[in-house]
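Worksheet for the structure shown next.
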Ligand code: GLN
Ligand code: ZN
């Protein structure tokens, strides 16, 4: 029985990948040094693989993104980047002024670059991208390394043309153009000695698979030794999948439970390898290897040849727990990051092949998960289990709340506000770092934060905003900030994961029951409110986002965890109210992205996600509850959003405002206040008053004036003050102009 692993994080133990990229971009290292550095990192990765597993990818270390690699290899290089001139063009496509669009990779927090088709189609292939890396692996003696590339179907399904996903007809037509080039790329790799080629086809698990096209593509590639990797869910066309003329197929048996039923029902062809994704590649917990061995034995009844594998690429796990020194021992013991997953696979195989010496070790992994769960907190469990329907409902309906709130707040038409954060400057980051590292005493740190808050309150008053914020200066990350203050969370020191390019984040780990030992935000918010007559928004991160941007605990439903977090947030809401806060915003940017890949699972997800938000936001009727979402496609989920029962929502609309307005027309029951982001904070460009007015006018065509707020589309923390000030001035003037036009009419 062989072991295949893939997706080892690109970052490297010391985040060398990030450093190298950023040094290259800023001109601190030459192209030659950059390439050398990448080769060294790739060699380190290959050695890690080779120490544990039999088969692993070569050239997996993309210099930015694997989708971009394939786009370049097959020559899908939009006109504006022509002529293609190696690395400089590559990075122009990735992060230049008119870079390719970036969007979420399936249900992960990674963002890929969207391949862009344009007419007339002119493909200028650059096949060396894979070839050089494969040859390097071979030259270094890694003969079991297989080239690894995204499959043609996934590539096409995730492509866009003129900003829209390809239609089935376009996928077919472009597939025809893609095939001969794709064949050549593979052929060259085979000629160079590749015994097998790993083809990633996660799009096979998406809804509405184009099965005949998939059949056609793979029959056209049948002369090559391909190993198909599917993951993140079960494949809905199993009988047709296993007929494809490939040497092996990977199935996810962790996220794709239905794969197990399919194999039991239809069997598995004798002439193919079943690459059994049994070790969870998405979460950070060690497996019960006794149970895993049983699972594999069950699969052996149907499949003659089995390779062991992780359920999905290991890319979105931290690299190793070996460097974590601050995680409590009982939690640490139960963790398994990417490298540890490789060791688990090896141990599992040894156990399956009857090696006596590993028995005790494997049985210990089962024992780990017996007995009392970690971080048990009886009062929290009690609170969750005694929740009843009324805990999810605000007693006073919106129509009445809105009256109370307008008396309480006395806001003008088209109130102006921001989403929460203001620029996080270098000095601020240095301040937080010093505090974190213990070189700045808490009292001094807090005094500095207060100074910043006072400044930003004065700043907003001078600008003339209507609802103010405290600026979020004490927060580095909107999830980690709360995770650090809640029980049941472990925070890693080095658990960085790539978000895109060289950008990294650290997801907290939920290991136990979540509860709030003491107020988390009241001090700063109440201080901010004490400085002004205008309302200051209390800023909280919502339960669904905290959950979705953390690693979920083992053996507990997401619904349960979401309610625990929601209760902690609800307590915070109550404390903010008691401190005199009249407006509270509960951010849920990850509300949409947490939705399962298959639409048939949406109603269940949104059922508890909506309830979790409602539980968290069960405020007094006169408290105005805001929510904020961004980066989402709202169109398909407007009714779920409405059910969240907030009073006001701010959403990103600068990119999708046209369609969104149409959507509201099709949802006539919409009665909540809404701030359509009037400009894109992701761009350094300063929006003109006219462009902002245009967004306000578009919104006025779809919704009554009394529902409309005016705000940027997200927090301002990544912008500079020089950009923020003129942008907000224009925004406030545009709101004023809209008010005047209403007065003129009446
Ligand atoms: N309140 C947060 C901020 O302003 C919201 C961030 C987000 O939506 N991602 O930074
Ligand atoms: Zn946002």
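Numbers at a glance
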read-out	value
Residue that is farthest from the chain's Cα centre (by Cα) [pool: residues in the range 539-564 that are within 14 Å of residue 628 (Cβ to Cβ) and within 12 Å of ligand 1 (Cβ to nearest atom)]	539
Options 149, 178, 131; residue that is surrounded by fewer than 20 Cβ atoms within 10 Å (Cβ to Cβ) and over 30 Å from residue 547 (Cβ atoms)	131
Residue, farthest from residue 451 (Cα to Cα), within the range 529-545, restricted to residues that are more than 16 Å from ligand 2 (Cβ to nearest atom) and touching a residue at least 24 places away in the same chain (Cβ under 8 Å)	543
Residue ranges of strands (runs of 3 or more DSSP E) in the range 71-163 with at least 3 members within 30 Å of residue 507 (Cβ to Cβ) and modelled with pLDDT of 95 or more	145-150
Only listed residue being modelled with pLDDT of 95 or more, within 24 Å of residue 548 (Cα to Cα) and within 29 Å of the chain's Cα centre (by Cα), chosen from 275, 279	279
Count - residues of the range 404-416 that are crowded, with 22+ Cβ neighbours inside 10 Å and out of contact with any helix residue (DSSP H, G or I) (no Cβ under 9 Å at 6 or more places or on another chain)	1
Selection status of residue 658, assigned to a helix (DSSP H, G or I) and either at pLDDT 85 or above or under 30 Å from residue 723 (Cα atoms) (or both)	yes
Output for the range 730-743, where each listed residue is away from ligand 1 (no atom under 16 Å from the Cβ) and either surrounded by 19 or more Cβ atoms within 10 Å (Cβ to Cβ) or under 28 Å from residue 428 (Cβ atoms) (or both)	730, 732, 734, 735, 738
Filtered residues of the range 504-522 (kept if surrounded by fewer than 18 Cβ atoms within 10 Å (Cβ to Cβ) and touching a residue at least 60 places away in the same chain (Cβ under 8 Å))	504, 505
Qualifying positions in the range 319-359 - farther than 26 Å from residue 488 by Cβ and without any contact (Cβ under 8 Å) to a residue 24 or more places away in the chain	350, 354, 355, 356, 357, 358, 359
Residue list for the range 34-59, restricted to those being at pLDDT 95 or above, part of a loop (DSSP other than H, G, I, E, B) and surrounded by 19 or more Cβ atoms within 10 Å (Cβ to Cβ)	53
The range 706-721, subset out of contact with any helix residue (DSSP H, G or I) (no Cβ under 6 Å at 6 or more places or on another chain) and not in a loop (DSSP other than H, G, I, E, B), residue nearest to ligand 1 (Cβ to nearest atom)	711
Among the residues listed as 699, 727, the single one being buried (at least 20 other Cβ atoms within 10 Å of the Cβ), within 16 Å of ligand 2 (Cβ to nearest atom), touching a residue at least 12 places away in the same chain (Cβ under 8 Å) and assigned to a helix (DSSP H, G or I)	727
Residue match in the range 565-587 (condition: within 16 Å of ligand 2 (Cβ to nearest atom), under 19 Å from the mean Cα position of the chain (by Cα) and assigned to a loop (DSSP other than H, G, I, E, B))	no
Helices (runs of 4 or more DSSP H) wholly inside the range 336-438 that include at least 1 residues being farther than 29 Å from residue 472 by Cβ and more than 16 Å from ligand 2 (Cβ to nearest atom)	338-352, 359-368, 378-385, 398-409
Yes/no for residue 401 being touching a residue at least 40 places away in the same chain (Cβ under 8 Å), surrounded by 13 or more Cβ atoms within 10 Å (Cβ to Cβ) and more than 16 Å from ligand 1 (Cβ to nearest atom)	yes
Residues that are within 22 Å of residue 500 (Cα to Cα), part of a helix (DSSP H, G or I) and over 28 Å from the mean Cα position of the chain (by Cα), drawn from the range 15-33	31
Neighbours by Cβ (under 9 Å, 6+ apart or cross-chain): first from the range 705-723, free of Cβ contacts under 8 Å to residues at least 60 places away in the same chain and over 18 Å from residue 733 (Cα atoms); second more than 14 Å from ligand 2 (Cβ to nearest atom) and in a loop (DSSP other than H, G, I, E, B)	707/670; 707/671; 707/672
Filter result for residue 364 (without any contact (Cβ under 8 Å) to a residue 60 or more places away in the chain, away from ligand 1 (no atom under 16 Å from the Cβ) and more than 30 Å from residue 272 (Cβ to Cβ))	yes
Positions within the range 588-617 being more than 16 Å from ligand 2 (Cβ to nearest atom) and touching a strand residue (DSSP E or B) at 6+ places or on another chain (Cβ under 9 Å), in sequence order	616, 617
Number of the exception - residue 9 against (1) touching a residue at least 60 places away in the same chain (Cβ under 8 Å); (2) outside any loop (DSSP other than H, G, I, E, B); (3) touching a helix residue (DSSP H, G or I) at 6+ places or on another chain (Cβ under 7 Å)	(2)
Condition broken by residue 577, with the remaining ones in (1) touching a strand residue (DSSP E or B) at 6+ places or on another chain (Cβ under 8 Å); (2) at pLDDT 95 or above; (3) surrounded by 24 or more Cβ atoms within 10 Å (Cβ to Cβ) satisfied	(3)
Verdict on residue 642 being out of contact with any helix residue (DSSP H, G or I) (no Cβ under 6 Å at 6 or more places or on another chain) and in contact (Cβ under 8 Å) with a residue 12 or more places away in the chain	yes
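The rows are residues; the columns are (1) within 16 Å of ligand 1 (Cβ to nearest atom); (2) without any contact (Cβ under 8 Å) to a residue 12 or more places away in the chain; (3) part of a strand (DSSP E or B).
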{"position": "603", "(1), (2), (3)": "no, yes, no"}
{"position": "606", "(1), (2), (3)": "no, no, no"}
{"position": "612", "(1), (2), (3)": "no, no, no"}
{"position": "622", "(1), (2), (3)": "no, no, no"}
{"position": "627", "(1), (2), (3)": "yes, no, yes"}
{"position": "638", "(1), (2), (3)": "no, no, no"}
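So that you can scan it fast, the table gives a plain yes or no per residue for (1) within 32 Å of the chain's Cα centre (by Cα); (2) more than 30 Å from residue 536 (Cα to Cα):
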| position | (1), (2) |
| --- | --- |
| 353 | no, yes |
| 365 | yes, yes |
| 394 | yes, no |
| 407 | no, no |
| 412 | no, no |
| 421 | yes, no |
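The values are calculated or read from the model by the stated rules, or taken from the named source; none is laboratory data. Given the structure is predicted, the values throughout are model-derived calculations rather than measurements. Neighbour counts are summed over all protein chains in view; Cβ atoms, including those assigned to glycine, are modelled from backbone coordinates with ideal geometry.
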